[in-house]
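Undergrad: Dropping a structure here in structure tokens format, bear with me for questions.
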Amino acid sequence: MKKFELSKLLSIIMLVVLILLGSQLSDSFLSVRNFSNIIQYSVETALISIGMALVLIIGGIDLSVGSVLAFSTVVSAKLALAGVNTAVILIVTIVIGFTVGAINGLLITKTKVEAFMATLGTMMVMRACTFLFTGGGPLTGSIKTSFQQIIKGKFLNVQYGIFYVIIMFVLAGIILSRTRFGRHVYAVGGGEETAKLFGVQVDKVKIAVYIISGILAALAGMIIAARIGIGEPRSGYGYEMIAITVCVVGGVSMTGGKGTVTGTFIGLMVISIIKNLMNLMNIDTNAQPIVNGIIILIVALIISREMLGKRKSLVKQI
Amino acid sequence: MALQKNTFIKDKLILGIKEYMNELSIAALIVLITCISPLLSSVFLAGDNLLNLLRQTSYTAIAAMGMYFVILIGGIDLSIGATIQVVGMVSIMMLTSGYSTVTTIVCVVLIGLVIGLVNGVLVTFGKLQPFVVTLVTKSIMDGIVLVTTDGASISGKVPESFVKIGTEYIGIFPVPVVITMIVFGITFILMSRTTYGRRLFVTGSNKVASYNSGTNVRLIQISAYILCALLATISGVLTVARIGAFQPSTTHGGATGMELNAIAAAVIGGASLSGGKGSVIGALFGALLYGVLSNLFPLIGVNSYLQQLIQGVIIIVAVIAAGRNSSSSKIKLRKSNGGSHEYST
């Protein structure tokens, strides 16, 4: 008989418990409207979490996502205020994400800097660039409605955000589980040396993953600009923490090689529902980091306990 | 005989220079900046400004020396910025409600101890990554500070004796600078002259070897986190004692506080996130270089955001440089040096 593994089902159990809890606590919780709102407002987190999941699977980390998001927010707000076409803004945003992601990837692969330090550096640099770009304060003005429509618009009475989330997760799922690139990502995360011996171009895979993470973060920034209608240089603080929380809750391993897109989606739902419940129950938003912190800690502890049980033969004391 | 002794001293000197190459190059950079500073700003070399610079640096330097211990054993502590906040908040709250300075300091030191213990225990016994653990404790403490203060500052009547810690001078030096020097002296001796220091080093470079040689690896790791939190506590007390009031940081969430400066200082000073590298002097000099730059930039009219950008670039360059010259020669030198030292005693 297969041994019961709590860590695999943990996120689903949490999701079920949260939905049951929510339906008891608030009448408005179990409505289509509330759930479509939950997903509509989780677009940015979804984008960043998918990127973070990929980065974590290859055994890296990307701390720069919050700052990339902020930079692309202010740039796209500036362009939108100047009346630039939305397609052009999209291209500029992708270029920003690509550039920062490529810098991260090159620093990590070519100069052998730890992912943590490299992305910490780009995080500081990009945050500073953001403030330099706006001169400190937010960029305000009247943004064209056509730009705001990219997130506020509806198709067949369903908010665009829901389509974005579904498309992104399906796409990421297909890439990770059905393509050669996806298998290479897992191979690199499972063991770089082995992957190299089997002919995987480890450096290229790594750079590609950081580029994807950068582009997704930049797209999230563009969506934030469209959502709030101003270019706020302070946006995106703590997003790396939220994305890591989503991934860890969703069963993505921080040591690489493990994690699925489905898991990340469930993790996203868990974190978004918690946020939604706290809002419905009027809990101080300042308390949210405390709750998130405790959740990530409990989940990580449960997972690491099980991992420990699996490899008893290794030196346990250290 | 005399000749032999001479070459011996010469060898030791060369070894010493090679061993401390990184520290010496930072020191040279600081001296260089100081020498060309009169060309850039007439104010920089004034006595008042230099003392002010030292005072500003001391908060970072103390935190950086604590961070050095954690980085040395291959960990990281992202919670020190939040620890400084909690310590500041608790001490002002206690002082304004009538507790004495001594009681308050004892209390916040205990808080620091507990924070360090929690971090250490979660990392070692919980088998969690230091990065995750300390990010979580940071996030929880940030939340606690925001919920308690609601983002507003706390002020009130604070005893004279507490404010003196932050504002008094001993001789010509401000108290925080003197405390930094004392902390440096203690940690330096700890690292270079005690078994405990050696064990920290070995644990950082190779946990299995350290375990096999009879070190209690878990205890050593926990002690490093406690040391780090305690030094952060000192830094926090000195910071609030300067102003006599507590202002919660507005840039909550994300790693945007003192932890970044401390990590930057330690890494510029030669510490590597994979552990087993760097020195206390390096962390101190790293903090000093950071302090000199953040003091000089506003004087020569560099915008504060541009300053952040330059500091970010400096970190990246420092890490790349550290990766280049770390080709294990330094470790070998340190080991052989340590060996000869043991034989000679």
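Each value in this text was obtained by applying a stated rule to the coordinates, not by laboratory testing. Remember, predicted model here, so these are calculated numbers, not experimental data. When we count neighbours, we look across all protein chains shown, and the Cβ atoms used for this are built from the backbone with ideal geometry, even at glycine.
Undergrad: So what J values fall out for the stretch A:45-53 if you push phi through Karplus, 6.51 cos²θ - 1.76 cosθ + 1.60 with θ = phi - 60°, rounded to Hz, Gly and Pro as x?
TA: 4, 4, 4, 5, 5, 4, x, 5, 4
Undergrad: Which value in deg cm²/dmol, rounded to the nearest 500, describes the helix-derived mean residue ellipticity at 222 nm for chain A, given -39,500 (n - 2.57) per DSSP H run of n ≥ 4 and division by the residue count? Could you put the intermediate results ahead of the total?
TA: Values: 14 runs with 231 residues, N = 318.
After summing the helix terms and dividing by the residues of chain A, the value is -24000 deg cm²/dmol.
Undergrad: Percent relative contact order of chain B, based on C-alpha pairs within less than 8 angstrom and at least six residues apart? It would help to have the intermediate numbers written out before the result.
TA: Details: 487 pairs, mean separation 111.2, N = 345.
After rounding, I find 32 percent.
Undergrad: Need one number: nm distance between label points at residue A:194 and residue A:152, each 7 Å from Cα along Cα→Cβ, rounded to one decimal.
TA: The two pseudo-label positions are separated by 5.2 nm.
Undergrad: Could you give the nm distance between label points at residue B:49 and residue B:110, where each point is 7 Å from its Cα heading toward the beta carbon?
TA: So the two model labels end up 4.6 nm from each other.
Undergrad: Kindly express, to the nearest 10 degrees and within the range 0 to 90, the angle between helix B:80-96's C-alpha long axis and the longest C-alpha principal axis of chain B.
TA: It works out to around 40 degrees.
Undergrad: Within 10 Å of each Cβ of B:306-313, how many other protein chain Cβ atoms are there on average? Walk me through the numbers before you get to the answer.
TA: Numbers: counts 4, 1, 7, 8, 3, 4, 11, 5.
Mean inter-chain Cβ contacts per residue within 10 Å come to 5.
Undergrad: With θ set to phi - 60° and the Karplus curve 6.51 cos²θ - 1.76 cosθ + 1.60, what are the ³J(HN,Hα) couplings of the stretch B:213-218 in order, to the nearest whole Hz, using x for Gly and Pro?
TA: Couplings: 8, x, 7, 7, 4, 4 Hz.
Undergrad: Hey, can you grab everything whose amide H is under 5 Å from the amide H of residue A:139? Only 5+ residues off in sequence or another chain; H modelled, so Pro and N-termini drop out.
TA: A:231, A:232
Undergrad: If you find the alpha carbon centre of the stretch A:63-87 and of the stretch B:264-295, how far apart are they in angstrom?
TA: The stretch A:63-87 and the stretch B:264-295 have Cα centres separated by 34 Å.
Undergrad: I would also like to ask the following. Near the amide H of residue B:168, under 5 Å away, which other amide H atoms are found, from residues 5 or more places off or on another chain, if H is placed in the peptide plane?
TA: Correct list: B:175.
Undergrad: Restricting attention to the stretch B:91-191, which trypsin sites (Lys or Arg not before Pro) occupy a DSSP loop and are surrounded by at most 14 other Cβ atoms within 10 Å?
TA: On the way: sites: B:127, B:138, B:157, B:164; in loops: B:127, B:157.
Loop-located and lightly packed - B:157.
Undergrad: If you count, for every residue in B:145-153, the Cβ atoms of partner chains within 10 Å of its Cβ, what is the mean?
TA: Working: counts 1, 7, 7, 1, 1, 2, 1, 0, 0.
That average works out to 2.
Undergrad: On average, how many beta carbons from a partner chain sit within 10 Å of the beta carbon of a residue in A:284-296? Mind dumping the intermediate values first?
TA: Details: counts 4, 3, 11, 4, 4, 13, 9, 3, 4, 9, 4, 1, 6.
So the per-residue partner count for this stretch is 6.
Undergrad: Between helix B:130-149 and chain B, what is the angle of the helix's C-alpha long axis to the longest principal axis, kept within 0 to 90° and rounded to the nearest 10?
TA: 20 degrees
Undergrad: What does the highest-first list of A:244-251, A:112-119, A:65-72, B:239-246 look like by mean Cβ count within 10 Å? Working shown, then result.
TA: Values: A:244-251: 27.4, A:112-119: 22.4, A:65-72: 32.0, B:239-246: 20.9.
My ranking of the peptides, most packed first, is A:65-72, A:244-251, A:112-119, B:239-246.
Undergrad: Estimate the FRET efficiency between residue B:103 and residue B:153 by the formula 1/(1 + (r/R0)^6), using the beta-carbon distance for r and 22 Å for R0, to the nearest 0.05. Intermediate values should be presented prior to the final figure.
TA: Working: r = 23 Å, r/R0 = 1.03.
Once the sixth-power term is evaluated, E becomes 0.45.
Undergrad: While we're on this one: So how do A:152-159, A:211-218 stack up, highest first, on mean other-Cβ count within 10 Å? Show your work: numbers first, answer last.
TA: Working: A:152-159: 11.6, A:211-218: 27.8.
By packing density, highest mean first, the sequence is A:211-218, A:152-159.
Undergrad: Determine ³J(HN,Hα), in whole Hz, for all residues of the stretch B:275-282 in sequence, where each value follows from phi through the Karplus function 6.51 cos²θ - 1.76 cosθ + 1.60 and θ = phi - 60°; x replaces Gly and Pro.
TA: Once θ is set to phi - 60°, the couplings for the stretch B:275-282 become x, x, 10, x, 8, 5, 4, x Hz.
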